[in-house]
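Written below as structure tokens is the structure these notes are about.
Computed from the coordinates by the stated procedures, all read-outs in this text should not be read as laboratory data. Fair warning: this is a prediction, and the values are worked out from it, not measured in the lab. Neighbour counts are summed over all protein chains in view; Cβ atoms, including those assigned to glycine, are modelled from backbone coordinates with ideal geometry.
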Amino acid sequence: MTDSDFTISVVIPAYNIQDYIARAIDSVLAQTHPPDEIIVVDDGSTDNTSEVIATYGDKVRCTPQENAGLAAARNTGIKAATCQCIALLDGDDEWLPDNLRLQVELLKRHPDLTWSTSNYIRCLCDTERRAPHFKITKAQSLLGGKDTFDDFFDAFRAEAHGNSNTVIIRRTALIEAGLFREGMPFAEDIDMWFRLAMRHPRIGYVPQPGSIYHLHRPGSLAVDTHPEKKLMVISDLVERSLALAREFNRQDKFHPCATFYMRRIIRANLFYKQMAGPIRNMLDQFDPLFSVPYKTMIRLLTTFPALTAGACHTISKLVRFFNLRRRVVRPPQK
């Protein structure tokens, strides 16, 4: 296997992030395994983002477009790419220097792989809090002595699926899966990973962190979405994925993954008293995927939504005050 089998196009979407885009580009230029091309898609920025990109000259190919959102910006970059593999990086995050080297070495060891990902660092840098998503030893333990997961859906349930900044994918597989679903206000990455995993279950995983994911990201391409709308987006995503699982005969692996994903979403929405009704609707819509004890517990909690939401916020504050949480996460919003 030669380096020509792993030519890499880096695709960076950017929207009004003049204060962050240089950090992202610099982190790509600092890679110990340099990429073959860097494509920055300026998604209709109205600040000085395009001017900052221009300072890099021919080191970076800037592809401007009218504002169309994160998924569309990624798709524009993927279509413009000329290399076999696509490595994604959000314009307000950054890579660690060995990200590409470690993943290319893994892909060379497993030439049958379509995609790989890695551990990453979660950072609330405005409060100087940062930590790996997993300790390296835990990530190694999850792999069981290997450097691949046999099935992405198992990795997802173990929360070892990396994030968008740590994924390298063969360009042909992205095109085969239909590219990112445009118009989704969020979770467009999960939607894509599910579609890829139906076709290509096995995925490589590097235990060492490959990127820094900045949780507090003003001006990002993410869209603020009302909690009820978020539940609708997730429900639609899961419905589509269940249909795809039937098509690819992957129900045995996807159903537990879907249950895990929805339980995580429901838990997060218990912080909002107005979400009791939508949570119950989700339970009804996906009734066969939830156990009777779980459904009973959630129905009880949503019977007194204000009390439940208040208790959730109190517990969260205590966990943060006593530094009991092992993972760096965004504070829940009122």
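Below, the figures for the structure above:
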{"quantity": "Under 5 Å, built H, 5+ apart or other chain: amide partners of residue 121", "calculated": "133, 210, 211, 212, 213"}
{"quantity": "Beta bridges per DSSP with both ends in the chain, % antiparallel, nearest 5", "calculated": "35 percent"}
{"quantity": "Sum of side-chain charges, residue 247 neighbourhood, beta-carbon under 15 Å (Lys, Arg +1; Asp, Glu -1)", "calculated": "+3"}
{"quantity": "On Cα atoms only, tilt of 70-80 relative to the major axis of the chain in degrees", "calculated": "30 degrees"}
{"quantity": "Nearest-0.05 FRET efficiency for residue 252 and residue 311, computed from C-beta distance (R0 25 Å)", "calculated": "0.10"}
{"quantity": "Residue 109/residue 280 FRET efficiency (R0 35 Å; Cβ-Cβ; nearest 0.05)", "calculated": "0.15"}
{"quantity": "Förster radius 22 Å - calculated FRET efficiency between residue 47 and residue 125 (Cβ-Cβ, nearest 0.05)", "calculated": "0.60"}
{"quantity": "Helix axis angle, 251-269 relative to the chain longest principal axis, alpha carbon, degrees", "calculated": "70 degrees"}
{"quantity": "Residue-averaged 222 nm ellipticity for the chain, from DSSP H runs of 4+ at -39500 (n - 2.57), nearest 500", "calculated": "-13500 deg cm²/dmol"}
{"quantity": "Alpha carbon centroid spacing (whole Å) that separates the range 229-246 from the range 159-192", "calculated": "15 Å"}
{"quantity": "Environment charge of residue 50, counting only residues whose C-beta is closer than 11 Å and scoring Lys/Arg +1, Asp/Glu -1", "calculated": "-4"}
{"quantity": "Members of 138/229; 230/253; 146/229; 146/230; 79/230; 253/273 lying beyond 31 Å, as alpha-carbon distances in this model show", "calculated": "138/229; 146/229; 146/230; 253/273"}
{"quantity": "Centre separation in Å (Cα based) which lies between the range 252-290 and the range 25-47", "calculated": "37 Å"}
